[in-house]
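Down below is the structure, laid out as structure tokens.
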Amino acid sequence: MGTAVQFSLLSTSPYGSIVDREFSYLTAEYEMKWDILEPAPGSGNFAAGDAIVAFGLARGMRVKGHTLIWHGSTPSWVNTLSASDLRAAVERHIRTVVEHYRGEIDAWDVVNEAVADDGSGLRDTVFLQRLGASYIADAFRLAHQGDPQARLFYNDYGGEGLNAKANRIYELVRELRTAGVPIDGIGLQMHIAANSRPSDGEIAANIRRLAALGLTVHISEMDVRVNSVPGSNAARLEAQKATYHDVVRVCVMEPRCEAVTFWGVTDAHSWIRGDSPLLFDAQYAAKPAYFGVLDAFSGR
């Protein structure tokens, strides 16, 4: 059971105590992304990421690195590079970061959100434009060289059920596996709304076909929006509880679905503004959703 954490909050109460008490798997929400680690060429800004790793390891938790290659966290200077200089920068970045955390990180989100939302192909990013589609396989190979013991994941949203994007993600990871690329798993992010989400059957079927490729599956960034649910606040909270319960139970029931990570601890610090998507409210009280998750993990 995991959560994405923010370094600046870990030393505060009750944030840090809740993370310590409730979770066993940590992901840095921001602090290991490229634009944070290397805002200027050659800079190394590891302090916050190091603190998150130390917090987790001191408590017997596993830590997931997030994320090595993502168009959304690319430093501005990267976008100005020629193809050859970009390739060198990508290689240096992956090697430096993975080797820095070698032996401490359980798994890496190596490439994040590389598939277009409509499933038509790969997302049009600076990496695709200048390096070609092979940048994905190259990133996994570089990460494996940097830490052969770390498990390597592809991570994306919008492909949790069965749709065009899910099919394209499946084809991408199938092609990587067929080519012998060292990919161990896939993260299904699960940023969903309580009244608009893939069915349990679709999620289970998708997990099974990915597992059949030999991949481990994580629900990697789960949060559940409720503002679009009609009715009272109590009704919205119950719909959120049911959604969390049902999705987590799907993972619990599937042997190759290994972990669920919630994308944040409290509504007060969620990346989704103007909604209440997490297990703890803005005052750090456990919401009905929290108890729905407990029921799912307990087989109820």
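The values are calculated or read from the model by the stated rules, or taken from the named source; none is laboratory data. Quick caveat, the model's predicted, so the values are computed rather than measured. Cβ placement follows ideal geometry from the backbone for every residue including glycine, while neighbour counts extend to all protein chains displayed.
Does GLY231 count as in contact with a helix residue (DSSP H, G or I) (Cβ under 7 Å, 6 or more places away or on another chain) and at positive phi?
For GLY231, the condition - in contact with a helix residue (DSSP H, G or I) (Cβ under 7 Å, 6 or more places away or on another chain) and at positive phi - is not met.
From the list SER43, SER17, SER24, SER11, pick out the single residue that is of a type in the set (Ser, Thr, Tyr), modelled with pLDDT under 95 and over 28 Å from GLN129 (Cα atoms).
Selected residue: SER11, the only one of SER43, SER17, SER24, SER11 that is of a type in the set (Ser, Thr, Tyr), modelled with pLDDT under 95 and over 28 Å from GLN129 (Cα atoms).
Go through (1) in contact with a helix residue (DSSP H, G or I) (Cβ under 7 Å, 6 or more places away or on another chain); (2) of a type outside the set (Asp, Glu); (3) not in a strand (DSSP E or B) one by one and return the number of the condition TRP77 breaks.
(1)
Give GLY187, GLY159 a once-over and let me know the one that is outside any helix (DSSP H, G or I), in contact with a Ser or Thr (Cβ under 6 Å, 6 or more places away or on another chain), surrounded by 20 or more Cβ atoms within 10 Å (Cβ to Cβ) and not polar (S, T, N, Q).
Unique residue meeting the criteria: GLY187.
For ARG92, which of the numbered conditions (1) part of a loop (DSSP other than H, G, I, E, B); (2) over 24 Å from SER220 (Cα atoms) fails to hold?
(1)
Do we find a residue being assigned to a strand (DSSP E or B) and either surrounded by 19 or more Cβ atoms within 10 Å (Cβ to Cβ) or hydrophobic (A, V, I, L, M, F, W, C) (or both) anywhere in the range 53-60?
no
If you scan the range 236-264, which residues turn out to be outside any helix (DSSP H, G or I) and over 27 Å from ALA179 (Cβ atoms)?
Correct list: VAL260, THR261, PHE262, TRP263, GLY264.
Evaluate the following for ALA88: is it loosely packed, with under 13 Cβ neighbours inside 10 Å, closer than 25 Å to LEU152 by Cβ and over 22 Å from the mean Cα position of the chain (by Cα)?
yes
Kindly indicate whether VAL229 is of a type in the set (Val, Ile, Thr) and over 22 Å from the mean Cα position of the chain (by Cα).
It is true that VAL229 is of a type in the set (Val, Ile, Thr) and over 22 Å from the mean Cα position of the chain (by Cα).
So in the range 201-235, with the set limited to residues that are part of a loop (DSSP other than H, G, I, E, B), hydrophobic (A, V, I, L, M, F, W, C) and in contact (Cβ under 8 Å) with a residue 40 or more places away in the chain, which one is surrounded by the fewest Cβ atoms within 10 Å (Cβ to Cβ)?
Restricting to residues being part of a loop (DSSP other than H, G, I, E, B), hydrophobic (A, V, I, L, M, F, W, C) and in contact (Cβ under 8 Å) with a residue 40 or more places away in the chain, the top hit is LEU213.
Taking the stated definitions as given, is ASP118 part of a loop (DSSP other than H, G, I, E, B), surrounded by fewer than 23 Cβ atoms within 10 Å (Cβ to Cβ) and of a type in the set (D, E, K, R)?
yes
Exactly one condition in (1) out of contact with any helix residue (DSSP H, G or I) (no Cβ under 6 Å at 6 or more places or on another chain); (2) assigned to a helix (DSSP H, G or I); (3) of a type in the set (D, E, K, R) is false for ASP35; which is it?
Going through (1) out of contact with any helix residue (DSSP H, G or I) (no Cβ under 6 Å at 6 or more places or on another chain); (2) assigned to a helix (DSSP H, G or I); (3) of a type in the set (D, E, K, R) one by one, ASP35 breaks only (1).
Rundown of residues vs (1) of a type outside the set (S, T, N, Q); (2) within 25 Å of ARG141 (Cα to Cα), yes/no style:
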site	(1), (2)
GLU175	yes, yes
THR178	no, yes
SER196	no, no
SER199	no, no
GLU202	yes, no
ASN206	no, no
ALA211	yes, yes
GLY214	yes, yes
ARG225	yes, no
